[in-house]
Amino acid sequence: MSSRKQTPPSFPWTEGEKYSSNNNNSKFKEIFYYFFTLNTIPYVLVRCCALLFLFLSASWLLLLLFCFPPTTTTTSSNDVVREQAQVAEPQSPFKIPTCHKNMSVYVYTLPPQFNLGLLSQCNNLSIKANMCPAVANSGLGQPLNYSRMGHSAVTSSWYTTHQYMAEIIFHARLQNHPCRVQDPARASLFYVPFYGGFDALSKYREANLTARDELTFSLVDYIQAQPWWQRNHGKDHFMALGTVVWDFMRTMSNASASCSSSSKVRTPGTLLKLPAAENMSVLIIERHPWQPNQHGIPYPSYFHPSTWREMAAWQRKMRLIERPHLFSFVGARRKNKAAIRNEFIRQCGESTRCKLLNCEGPEGARRCLQPREIMRVMTRSQFCLQAPGDTPTRRSTFDSVLAGCVPVFFSRHTAYSQYAWYLPGDASRYSVYIDDKSNASRRIEEELLKISSEKVKMMREEIIDLMPSLTYAHPNATDFGFGDAVDVALASLAKHIGELIN
């Protein structure tokens, strides 16, 4: 048998490639083959070195793990949910007020006859109506099912709030306010929660003036006896009143006089004429324009949101809603200074661009007590006429702001001289003014048609931006994400009182 000649191992390249001058890596490939493919001594040494390197690396890693064991952090499911919520949670678009040392509020705990005790007799508080439904829910009144008007997204925040409830709502808000302090030594502001408006309502036609002023004098005696009053003689104290200033401005010269028991005239009290009250700051829904210690606060309307989302949702709705009426008026006829209302009713009845909600007669009066009826008119109007009534101011001003309806004023004391803490100094940014004695007041529709659509849109946007600061948030809400009417009052009070004392 002839032996077969052993074939040498083939290279991974051809002969032509091996010696080709075009391949600069030929020598490298050949060396690579001999060292790492054949069982040569260099190949064995390389394998040994590689194994030694792997062994040393593993040993070093084990030594590190033994000397420095890793710490393990366990993340609970709650932490994961919280982190996800923080990432997904949208932020409030509104300016959120903060508390500081000059805005720390101490709330006096008064004997009940000065506040809550008055509410226990709610059926006798007013000669006109039973006030028990109105004082419920910390002064918000009865819940309102607003979904019938297609606003179901914010139904839980609507109430049939009475116009004179500001003092109760203010008290309830401060009870839960983040700026409240329990230690009076830490307070810069002292709140006296006297329900003076309800005291005034309950003695609406009290003939005996001594009886009329009895609770007022008792309050002043009580508060002046408190040690914290003496520190600044009451200049750092304030109260909030839910009725108009004229209920408290009888002069002291008539304080102890008597009237005929048959008198049917509304008898004002003397609270704001007493020296102690003149030392305090007074927040009130209608102020005396020339009394520097009195500061106007908004009438409460029907919307009391608990979260910034409810406020933002309502603002968005008021930007998009259709407004087919050029202007509207909600009210009844009046005599004397308020006779301009009669002209409104006449002009509105003659115009196809005006919507009238006449409050005259039993049926008209009933409809004008229904928030749905009022808001249905205002939310569909571009301008809302705001005439004086029994006094210069009206709650309707704040209803129109809530409805995104530009208010038209006929007296500068309806808003401009009243609510400096809340309204822009340039009234033309958010309102229209027509002098009630001018010829323009006889042709309201013509005057309003002169305003360009771009200007109307700008004024409406200003009105919508004012909504949060003119609204009273729900008293039970704490972290609701915007500054409401109470927050504006506290910030302005802190600045005002700081200037008085310092």
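The values are calculated or read from the model by the stated rules, or taken from the named source; none is laboratory data. Keep in mind it's a predicted model, so treat the numbers as computed, not measured. As a convention, Cβ positions derive from the backbone with ideal geometry for all residues, glycine included, and neighbour counts pool all protein chains shown. All accessible areas refer to the heavy atoms of the entire protein, side chains included, with ligands and DNA or RNA removed. Shrake-Rupley method; radii C 1.70, N 1.55, O 1.52, S 1.80 Å.
Laid out as a table, the results:
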{"read-out": "Qualifying residue in the range 250-262 (condition: under 33 Å from the mean Cα position of the chain (by Cα), open to solvent by less than 40 Å² (accessible area, probe 1.4 Å) and at pLDDT below 95)", "value": "no"}
{"read-out": "Identity of the residue in the range 302-332, within 27 Å of Gly141 (Cβ to Cβ) and more than 25 Å from the chain's Cα centre (by Cα), that ends up surrounded by the fewest Cβ atoms within 10 Å (Cβ to Cβ)", "value": "Ala332"}
{"read-out": "Search result, residues across the range 450-478 that are touching a strand residue (DSSP E or B) at 6+ places or on another chain (Cβ under 9 Å) and hydrophobic (A, V, I, L, M, F, W, C)", "value": "Ile451, Val456, Met459, Ile463, Met467"}
{"read-out": "Considering residues of the range 461-477 that are polar (S, T, N, Q) and modelled with pLDDT of 95 or more only, the residue surrounded by the fewest Cβ atoms within 10 Å (Cβ to Cβ)", "value": "Ser469"}
{"read-out": "Selection status of Thr243, loosely packed, with under 14 Cβ neighbours inside 10 Å and over 30 Å from Arg186 (Cα atoms)", "value": "no"}
{"read-out": "The range 478-502, residues that are of a type in the set (A, V, I, L, M), within 17 Å of Ala166 (Cβ to Cβ) and open to solvent by 10 Å² or more (accessible area, probe 1.4 Å)", "value": "Val488"}
{"read-out": "The range 188-240, residues that are small (Gly, Ala, Ser) and open to solvent by 10 Å² or more (accessible area, probe 1.4 Å)", "value": "Ser188, Ser202, Ala207, Ala211, Ser218, Ala225"}
{"read-out": "Sole exception among (1) aliphatic (A, V, I, L, M); (2) part of a helix (DSSP H, G or I); (3) modelled with pLDDT of 95 or more; (4) within 18 Å of Ile285 (Cα to Cα) for Ala200, by number", "value": "(3)"}
{"read-out": "Helices (runs of 4 or more DSSP H) fully within the range 350-460 counting 2 or more residues that are open to solvent by 30 Å² or more (accessible area, probe 1.4 Å)", "value": "361-367, 371-378, 444-449"}
